[in-house]
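Reading through the structure tokens given below for one structure.
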Amino acid sequence: MKIANFILHYLVIDDAFKYNDEGKLQYTKKSYYHPIKMLFQNLTRARKKLNIVIVNNEEVLNRCLSILG
């Protein structure tokens, strides 16, 4: 989506993303593409602005907030 010379990227992280016992992020549902690699690709391709939407996943939200804060 392009609005007023800003390219916006939306990244949705739902409750299928979990951390394993080693603290690594994993995806618990089936997917055609590798979800963790797609997450990384979406994060690294955002150039101007990235909107992260976390849905029903308090664990990931808290980890993101600790990184930012």
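Laboratory data are not the source of any read-out in this text; all were calculated from the coordinates shown. Predicted, not measured: the structure shown is a model, and the values here were computed from it. In this analysis, Cβ positions are derived from the backbone assuming ideal geometry, glycine residues included, and neighbour counts consider all displayed protein chains.
Give the aspartates and glutamates reachable from Lys24 as a straight Cα distance under 14 Å; neighbours fewer than 8 places away on the same chain don't count. Within the straight-line limit of under 14 Å, Lys24 reaches these aspartates and glutamates: Glu59.
Taking a quarter of the surface of the convex hull around the Cα atoms of the chain, what do you get in nm²? Walk me through the numbers on the way to the answer.
Working: hull surface 22.6 nm².
Averaged projected hull area, Cα only: 5.7 nm².
With the charge dipole of region 2-68 set up from +1 on Lys and Arg Cβ and -1 on Asp and Glu Cβ about the Cα centre, the Cα lying farthest toward the positive end among the listed residues Ser31, Asn51, Asn62 is that of Asn51.
Listed by chain and number, the lysines placed with their C-alpha closer than 24 angstrom to that of Lys48 are Lys2, Lys37; residues fewer than eight positions away on the same chain are left out.
Counting only DSSP H runs of at least 4 residues, each contributing -39500 (n - 2.57), and dividing by the residue count of the chain, the helix-based mean residue ellipticity at 222 nm comes to -9500 deg cm²/dmol.
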